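The block underneath contains the structure these notes are about, expressed in structure tokens.
The values are calculated or read from the model by the stated rules, or taken from the named source; none is laboratory data. As the structure is a prediction and not an experimental result, all values here were calculated from the model. We place every Cβ from the backbone using ideal geometry, glycine too, and count neighbours over all the protein chains shown. To get the accessible areas, we keep the full protein, side chains included, count just its heavy atoms, and leave off ligands, DNA and RNA. Shrake-Rupley method; radii C 1.70, N 1.55, O 1.52, S 1.80 Å.
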Amino acid sequence: MLTVKNIHQYYGGSHILRDVSFEATLGKVTVLLGRNGVGKTTLLKSLMGLVPIKSGSIELEGRAIHKATPYERARAGIGFVPQGREIFARLTVEENLRMGLAYKSGSTPIPQELFDLFPVLKQMINRRGGDLSGGQQQQLAIARALAPKPKLLILDEPTEGIQPSIIKDIGRVIRMLADRGDMAIVLCEQYYDFAQELADDYLVMERGEVIARGLGKDMEAQGVRQLVAI
Ligand SMILES: Nc1ncnc2c1ncn2[C@@H]1O[C@H](COP(=O)(O)OP(=O)(O)OP(=O)(O)O)[C@@H](O)[C@H]1O
Ligand SMILES: [Mg+2]
């Protein structure tokens, strides 16, 4: 679904992403791990077109997208759940979900499935985003990204600052979405146990480079826990 080849990215003179290559496959969760500040968010933003890359290529279903705008990439089928959620605090839950459908025609309904995945959003449909708990906001951010039915879902640290029961719910939803087989998922995480449980494939970054990769089932044996321990 997603093929990333030899990406380099700079913030001013700082070389942040160094020759990053990887693939994300339909029906699989590809987990991206790494300590604070290694470039995980920068990589995810560059996939979405929110930061420009200097060189390298990004393909979605075999089509180059690295010159496309974020809007075009969303239309091409990428859903993005940003670190820190970025919910519209003054808009209601319903309006936030509609923002996820902004590039579809005005009559596109909010898929009922989102409320099956996250029943709390149905109960809170008229509440303001800013009045939701952190965990509820995270569920809303994921639902907003899912609303236009993406083929590739990118999540940047969805468990950050969230209570354990909601983390479990989010984990179940991610697994279920992957198992349906019509979506590739890229999940950036620092919560090792959550990452390991969900990973079909994994990548570890350090100082902007991929320093380890493999199958999720081999993470423990390959010492990934130690690699990302703080
Ligand atoms: N807009 C920016 N301008 C300049 N430098 C930036 C910018 N955003 C991030 N950086 C720097 O790029 C590096 C990578 O940051 P990034 O946010 O990608 O890391 P991260 O792995 O996502 O970290 P965290 O785990 O804390 O979220 C860091 O050194 C950071 O200070
Ligand atoms: Mg980050």
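What is the Cα centroid distance between segment 4-24 and segment 130-185, reported in whole angstrom?
26
Whenever you get a sec, compute what percent of the accessible area on segment 77-228 sits on carbon and sulfur atoms (1.4 Å probe).
C and S fraction of accessible area: 49 percent.
Here is the link list: K28/K104; K45/K217; K122/K217; K5/K122. Which ones come out longer than 30 Å on Cα distance?
Correct reply: K122/K217; K5/K122.
Across every pair of different alpha-carbon atoms, what Kirkwood hydrodynamic radius in Å does the chain reach?
17.8
Sort E197, E86 from largest to smallest accessible area, using a 1.4 Å probe on the heavy atoms of the protein chains.
On the way: E197 155, E86 115 Å².
Sorted descending by solvent-accessible area, the residues read E197, E86.
How far, in degrees from 0 to 90, does helix 164-180 lean away from the longest principal axis of the Cα atoms of the chain, to the nearest 10?
That works out to roughly 80 degrees.
Would you mind working out the accessible area per residue for segment 126-224, using a 1.4 Å probe, and quoting it in Å²? Intermediate results must be reported in sequence, preceding the final value.
Details: 4100 Å² over 99 residues.
On a per-residue basis, segment 126-224 sits at 41 Å².
Pop a pseudo-label 7 angstrom from the Cα along the beta-carbon direction at both L215 and Q163 and give the gap in nm to one decimal.
It works out to 3.8 nm between the two label points.
Over segment 78-230, what is the relative contact order in whole percent, taking alpha-carbon pairs under 8 Å and six or more residues apart?
23
May I ask you to compute the full-extension gain from Q226 to Q83, defined as 0.36 nm times their residue separation minus their alpha-carbon distance, rounded to one decimal in nm?
Extra length available between Q226 and Q83 comes to 49.1 nm.
Work out, step by step, the length gained on full extension between L26 and L50: first 0.36 nm times the residue separation, then minus their alpha carbon distance; give nm to one decimal.
Extra length available between L26 and L50 comes to 6.3 nm.
Just from its helices, what would the mean residue ellipticity at 222 nm be for the chain, if runs of 4 or more DSSP H residues each count -39500 (n - 2.57) and the sum is divided by every residue, rounded to the nearest 500 deg cm²/dmol?
Helix-only estimate at 222 nm: -9000 deg cm²/dmol.
Heavy atoms only, 1.4 Å probe, whole protein assembly: order K67, K104, K168 by accessible area, highest first.
Largest accessible area first, the residues go K67, K168, K104.
Considering only protein heavy atoms, what is the solvent-accessible area of E113 at a probe of 1.4 Å, reported in Å² to the nearest 10?
That residue has around 60 Å² of solvent-accessible surface.
Project the alpha carbons of segment 166-230 onto their principal axes and report the range along each, largest first, in whole Å.
32, 24, 23
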